[in-house]
Structure formats: C-alpha cells, structure tokens
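Everything on this sheet refers to the single structure shown next.
The values are calculated or read from the model by the stated rules, or taken from the named source; none is laboratory data. The structure displayed is predicted, hence computed values, not measured ones. Because the Cβ atoms are built from the backbone with ideal geometry, glycine has one as well, and the counts that use them run over all protein chains shown. These accessible areas exclude ligands, DNA and RNA; they are computed on the full protein's heavy atoms, side chains included. Shrake-Rupley method; radii C 1.70, N 1.55, O 1.52, S 1.80 Å.
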Amino acid sequence: MTTSAEQVLDDLQQTTANDSEAWLSVLELCGDALRDAQTGDAETAESQVAARSYTLNEAAHLIGVKPSTLKQAARELALDSFLDPRGTLRFPVFTLRPTADDLDLCEMIAGYERLRPQDLKSALSIDQETMKAWLQQAGIPGKRIIWRDVRGLWTLPETYAEFREIAGDDEESPVRERRRRRRGKRSRSRKRRDAQSKLRNRLIDAFPKWRYPYRDQQQIYLHIGAPNSGKTHDALEALKDAGSGWYLAPLRLLAYEIFDRLNGEGVACSLLTGEEYIPVEGAKLTAATIEMFNPANSGDCVIVDEAQMLADADRGWAWTRAMMESAAPEMHIIGPPTARGLIEVLAAAAEIPCEVVEHQRLAPIAVSEKHHTLESLPPYTILVAFSRQAVLELKMKLERLGRAVSVVYGSLPPEVRRRQADRFAEGETEICVATDAVGMGLNLPADVVCFYDTEKFDGKNDRVLYPSEVQQIGGRAGRYGLSRTGLISATSKQQLQTIRELYEQEPPTLTFARVAPTVDDLRMIPGNLAEQLGQWAALESIPKELRAVITTADLLERIELAKMLADDEIERLGLANALQLVNAPARKTTRVYWLDCAHMILEGYQIPLPPEAPSPLLNSADLESTELAIACADIYLWLSRRREFSQYCEAHPQVREERREWSLSIDEALLRNLDMARRCRSCGATLPSRHRYRICEKCFRRRRR
C-alpha cells in the first residue's frame, strides 16, 4: 500500500511536535546558566538544552577525569544529570560549573578514577614487584586500583591533580594549566584554613572560663513554671529580703513595672534602661533592662527574668552574661520548663550550685470550645494580632462596634504601652488589642486571650506560631487575683483548632545560649569592623566542652551598621567606640538618622536632633511618623547615656521632653477614633484588611500595563 505524500508530511510534523515536547520537558531540568555567551540565542528546545548542559565527555573534560569515572561518581554522589530524548547523559551547567570550580568536590569525584599500574609505579619510582607487595599489604586489589584507595598512602600526594603531574601527565597544556591554577587555589585555601584555625584557637583561649573563686559562695534558685505561677513574686520577695541587687528585664516596660511596684511598696528602687536613668534616694535595688547590668556591682541578689531569652539570636548574649558573670551570692533565674535543662547545664559549667523551685499555675486555664467573632468578644479580652497595622485596624473596627479599646504593640513607646495597659486593667477599656509584646510579663486582668492570627512574620518568613508562643501568650489569661478564669480562643473555627493543637503540644527544650564578641576578641581578627564581626560569628570560637550549649549571637544588624562606616572612620573612632556605636538600638527605618549621628560624632559636632513629629496626629501615617521620631529620640538618648558620646548630646534634656510630649500625643490619639486604615501609596484608596502590599490591586495592574 502506497503512502501519500500528505500522510508522510503529517507523520513527520507529528514526530517533530512530539520531539519538541520531549526536549521542552528536559529543558526544565537545565536551569538558566549558559555554557558561553554565543549559545544564548538558541531557538529550538534541543539547541537550548545543548546550550545549558554538558555531555558526559564534555563534563569529564571539565572536571579532569575519565568519562567512566564521572559516570560512576554521578551515580554514587547523586550529581545532577539527566537523559535527553536521544538517550544522551547530560549535566546542567548551573550545577556542574560550580562543581568544577570547587577543588574539594573535584577531588571527591576523582576519587573514583581507576589508575593504570604504570602510572602508580612512575609516581612512586618503584618496580612491579615492590608495587605488588605494597598493594597487598594495604589490602588493595592489584587489578583494580582506585585513586581514593591509595590517596596519601606511601609517598603519594593528597590530590589527584598532583598525582597526575608526578605520574607524567600527557594531557594538553590548557588542562595542565587549569590544574596548576587549581593547585594554587587549593594551596591558598589550605593556608587560609590554617590561619583561621590558629585564630579560632586564640579566640577559644580567650573565651571566659566563668569558674570564679567565689562560686562556692553563690546559689542559683531556678524558678520554673508556666505563666501566672507566682515565679516573679517569689523572686522579688527574695530581692527585697537581700536588700541590694538587681531585677533584670527584657523590656523597658517590664523594668518600669517592677520599678513602680517596689517603690509603691515602700522599697527604694532606681530605674536604669538604655535611654533613661531615674535614681531614687537611698536605693540599693535597681530595676533595669538586662543589657545595662554591671556584673562588677551585682549586690547581694540578682533576678534574671524571662530566662528563655538566653536562646534569643539577637539579645541572648545579655542573659548569658548576666547569669554567668554575676557575682551576687544569690541569683534567681525565672523561666519556663523549656529553659530548665539549658540553665542547669550552664550552672554546672560555671560550677554554681543550682536549686530548682517548681511553680504551679495559680489560676485554671483552658482552650475554648467555640471561637469568638469580633462582635462576640467578651469584656476583659486580649485580642492578639502580629503586626502593628493589624492591631490598629482591629482597634478601628472594634470602636465602630461600640467597644472601648486599648492597644499594645512593640514599636509603641513603653510609657504609652503602660498607660494603655493600665486603662484595660482599671476597666476603662474592655478589649486590649495587642501583638506578642503582651506575652512578656504584662499583668493584665484578662479572662480571655483570643488569637486573631495563627501566623506571624518573624523578620524573615511568615510562619505558623510555635507551641511555646501560644502557651506564653495564652498564659496571660486568668491572672491570679486579677481575673476569675482563663480561656484561650480564636476568631475562626479553623484557627481555634490550630491553637488547640499548638497549645497541647510539648514545646521543644532550649538547646543553646548565646554569646557576643568583646573588643579584645575583635582585635585578634584582621579586617574592618564588619569583616571582624562576620569572621567572629563564622568561626564560632566556643570551647569544646561548651559547644553543646553555647553558640554565637546573630550580628547581622550590627554588621549592616558597620558597613555604613568607612574604614578610616572606624579607625578615627577606635575599635571600642565603633563597636559601642553599632550596638545602638537602630533598625532599618532609623539607620539614616543613626549614620547622621555617627558622622557628627566623627566631626566633633553635636549630633542632630530627631526629626519633628507631626501635630496633631490625624491618621495612621501621622502615628507612624511619630513612632519613627520617638525611635530616633531613643537613639539620641541611648548615645547620651554612653560615656564615649555624651559630650555630643548636650540637648538630651530637650530631646527627653520632646519624646515625652510625642508619647503623650500618641496616647491621646489612640483615645480618639482615628482613621487607622492603610491606604494605597499611589491613589490613596483604602487597602483591604490583611492586604500584604503598599499599593492596591488596581494600581498594581495599571503599573504592569
């Protein structure tokens, strides 16, 4: 039967189409990296695959091994590879090129290379019989000599490239040149590793030993229990009985609360935070944020609150220092059960006797059987969201429903948070909308803690809450002596189920405490300040016996600030002053102001005043601007409290007063029904609740067009 020309053409087109689809399917495996610039204009899927991959022979040539060796290594080491529609084994450029540039990976692949006996004899300068004897003694089959089996034996080198050279490499000059460059690079890498190893050992030798002679005269009382179990109350009673010492808190707000509480009870207590010092006549007690603690003047008793912060990547170093360097005869460490094991190990490492005091929750608490809507929230409810904007929008919605609302969130000035919390505690407001800032020790008479969200942005990613976060925040419900019962709820049925599962989970125990570098540490490290901080973190110079429980702090923000200073500016400041400067409480939104302050200090001038806050506050944008002004004022006041920089901050009384007025204006604004809705930066339209972007969908589509 004769096939028509049309049928042949149709079959050919169908075959071509199928072939094209097959090539397109493997093109997805190739990535975007090209072999060279000339192959970037390929039109067909087949030519694009060829432009983005190497055949087995080409890849073997690039690595510097035989094709059979690479094929074996690819199978055992799981190197990225695929079969194209013609059955040819290919290696993507985007993974093979970095592999070829990595000397250690190339050497690992070369470990599969099968050696010729004459090459081995040539490299060792021995005869056949001697070679057989040596191989037999090493248990290596004489008919199958693999490079990884003989590498480094007898007088053989550690790398295959060096072996090929002494064995007589008959490859073409470009390959030998590439290998020569690799050997040079490997030699430089080895020297760099040796230098880093020596530096690491020096840093380890300088690490504090923490085993001071007075340890046998000290005692740690470790108060372990859930929220609302009386841990802080018992520790404060011990502090009052001791007569001198410190209460150390993670937040200014919490330090303020203890400062007020002790003075209200007739016990003189001073306040010390990074931005403020309020001395009280005759006071031998100090309530402070933990970074301000002076171990050399510990007094008779030290309380370290919220000890789970030992593991905090950014600030945990301050808890480690307070616990391990305090000279007080009596220390009271307060934390959840998850921190117990870590604290006991640290106490043992410093040879400090440790007694565990277990506390039971004083008021019952349970997860609600049903969820609550915004309309059905009962009085004395803390409604928890995880962003400033969500808190403000919820405040606006609840006020439109006729509810009286307080708000608490992280960037709110501490004194404003305190006033807002006091209004809720005294019954002036019935709902407190708060972020997880409410989870750190605020004593609020909440019957219900209701979660509006079960996810939060942790600075890097949106993630589901951890069990420990649900338990810590939910534990604010049912405060003993302040409310009748404790109930944990959510604003939807699905979220309530998530909260129940998280609350009932056993949270993981803490494993690592954090440490930060000293000036002496950094002086050992070459480079500028940003490089010194980065190297210190990368080296992780922790003594062997402490590596299971100690790790380095996250220095990313300090490194970013250090990068903003030129090398000559750091030299003029001096390393100690420069390190102090990058420890300032700056964040992304205040880096420009921080840099202006640094430049004025370098020039010997008074640092600039914080930006003016708008007046009056009419909307969410005004509120945000005022919070920014206060954050800049905090940097000014923090610098004014540092001996190295106080001479450049003569206007600190004025800044302190302006900051107080701005805080009052925020508090007054929050009492009014301000328009807290976010608006599109382009057209000004109101953005939907939980909208993740700063412009509306309509403006986004218009920009795309």
Please list 350-360, 584-594, 620-630 highest first by mean number of surrounding beta-carbon atoms within 10 Å per residue.
620-630, 584-594, 350-360
Which pairs in the list K231/K544; K198/K588; K370/K395 are over 26 Å apart, alpha-carbon to alpha-carbon?
K231/K544; K198/K588
For the pair V357 and D422, how long in nm is the line joining their label points, each one 7 Å along Cα→Cβ?
2.9 nm
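Normalised by the residues of segment 295-355, what does the relative contact order come to in percent, with Cα pairs under 8 Å and at least six apart?
On the way: 68 pairs, mean separation 23.9, N = 61.
Relative contact order for segment 295-355 comes out at 39 percent.
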Between A296 and A313, with labels modelled 7 Å along Cα→Cβ, what's the label distance in nm to one decimal, could you check?
3.4 nm
Just report the Cα centroid separation between segment 397-420 and segment 33-106, whole Å.
60 Å
Label-point separation in nm, I204 to E375, each point 7 Å along Cα→Cβ:
6.6 nm
For segment 329-475, share of DSSP beta bridges that run antiparallel, in % to the nearest 5
20 percent
Given Cβ charges of +1 for Lys and Arg and -1 for Asp and Glu, the option among L96, A133, L120 whose Cα lies farthest towards the positive end of the dipole of segment 96-145 is A133
Ranked from highest to lowest mean number of other Cβ atoms within 10 Å per residue, what is the order of the peptides 330-337, 60-67?
330-337, 60-67
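Pop out the carbon and sulfur fraction of the accessible area of the chain as a percent, whole number, probe 1.4 Å. Walk me through the numbers on the way to the answer.
On the way: 17200 of 34840 Å².
That share works out to 49 percent.
Per residue of the chain, what 222 nm ellipticity follows from adding -39500 (n - 2.57) for every DSSP H run with n ≥ 4, rounded to the nearest 500?
Numbers: 28 runs with 322 residues, N = 705.
Only helices count here, giving -14000 deg cm²/dmol.
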For segment 678-685, in residue order, the Karplus 3J(HN,Hα) values (coefficients 6.51, -1.76, 1.60; θ = phi - 60°; whole Hz; Gly and Pro = x) are 6, 10, 4, 5, 8, 10, x, 5
Which lysines, if any, have their Cα less than 17 Å from the Cα of K284, not counting same-chain residues under 8 positions apart?
K240
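Which order do peptides 129-136, 210-217 fall in by mean Cβ count within 10 Å, highest first? Write out the running numbers ahead of the final one.
Details: 129-136: 13.6, 210-217: 12.0.
Result, highest mean Cβ count within 10 Å first: 129-136, 210-217.
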Interchain or long-range residues, amide H under 5 Å from V356's placed H
L222
How much accessible area does Y605 have with a 1.4 Å probe, in Å² rounded to the nearest 10?
130 Å²
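I'd like the antiparallel share, as a percent to the nearest 5, of DSSP beta bridges with both residues in the chain.
Values: 12 of 64 bridges.
Antiparallel: roughly 20 percent of the beta bridges in the chain.
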Checking the a/c ratio against 1.5 first, then a/b against b/c, what shape does the Cα gyration tensor give for segment 210-328?
rounded
Given a cut-off of under 8 Å on Cα pairs at least six residues apart, what relative contact order in percent is computed for the chain?
10 percent
Could you state the number of Å between the C-alpha centres of segment 636-665 and segment 142-158?
70 Å
Roughly speaking, what is the centre-to-centre gap between segment 214-262 and segment 551-630 when only Cα atoms are used, to the nearest Å?
32 Å
Rank L639, C450, V464 by how far each Cα sits towards the positive end of the charge dipole of the chain (+1 on Lys, Arg Cβ; -1 on Asp, Glu Cβ) and give me just the farthest.
V464
Under the classification rounded if a/c is under 1.5, otherwise prolate if a/b is larger than b/c and oblate if not, where does segment 573-612 fall, given a ≥ b ≥ c as square roots of the Cα gyration tensor eigenvalues?
oblate
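Would you mind working out the accessible area per residue for segment 211-369, using a 1.4 Å probe, and quoting it in Å²?
38 Å²
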Going by the alpha-carbon gyration tensor, a ≥ b ≥ c the square roots of its eigenvalues, is segment 346-453 rounded (a/c under 1.5) or, if a/c is not under 1.5, prolate (a/b greater than b/c) versus oblate?
prolate
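Computed over the Cα atoms of segment 549-595, what is the convex hull's projected area averaged over all directions, in nm²?
Working: hull surface 15.4 nm².
Seen from a random direction, the Cα hull of segment 549-595 projects 3.9 nm² on average.
Could you quote the convex hull projected area for the chain, Cα atoms only and averaged over all directions, in nm²? If you can, show how the numbers build up before the last one.
Working: hull surface 188.3 nm².
Computed as one quarter of the Cα hull surface, the answer is 47.1 nm².
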Taking R0 as 60 Å, what's the FRET efficiency between F700 and S187 from their Cβ-Cβ distance, rounded to 0.05?
0.65
